[in-house]
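Here, each number is a calculation from the coordinates, and none is a lab measurement. This structure is a prediction, so every number in the text was calculated from the model and none was measured. Quick reminder, even Gly has a Cβ in these numbers, built from the backbone with ideal geometry, and neighbours come from all protein chains shown.
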């Protein structure tokens, strides 16, 4: 199983990417769908929202009036925090259950894509094997929000300003999908990414040096040397299963792969000197 997080700013076309990944065979777990499900009529989530924000946020049919609730929380950080404290834990529980169901139903390898609009804002990047960011320039976001969603320029800028910046999203990205071109361009790029995701599905572990099939790395992953089966030597290791390492200070989990070389990844922030093989050195077979 490979777990990917998918995110992008408003107007980036993230939903188009999600639909295309689903067409290739990915299991999509959509945080927006979860957010609606956990406050559907008759749920404990909706009852709690009505208790905190009042019956005025309910429509005549007893369903949540999202527009009215949005008007309350959009310009009030404290109200928004109260809403998030209710909804976010329920959304997480819903998405975990959906993932467990998908894994149980899968016949063979499965790629699960969590479509999470606020992945960057909620610091969720470390919860996935990799993060895919759908990227467009801010001026194109503005153009789409005005032209396709009917917002005024000021409304569009306010919505964009309420999210993480482009730079913040790109800082957590392992894979970037540029969606500033045509739909045909997007088709090609998503197909390329899908092929890469299939190659990143962890193989059956063969961990001869460590008991766990995963190596936990804190901070910047830095290769410090290679030792072959016939002796020792220095030099850059081969690329490991197509994985791209992020330089953000984050905890990552990378799979072992069997081969003839042993690469050593120095774990920054450990108790040993960088460049020295010590008790915190992790062993890979790339």
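Using per-residue counts of other Cβ atoms within 10 Å, averaged over each peptide, order 105-114, 130-139 from highest down.
130-139, 105-114
Sort the following peptides by mean Cβ neighbour count (other Cβ atoms within 10 Å, averaged over residues), highest first: 188-197, 117-126.
117-126, 188-197
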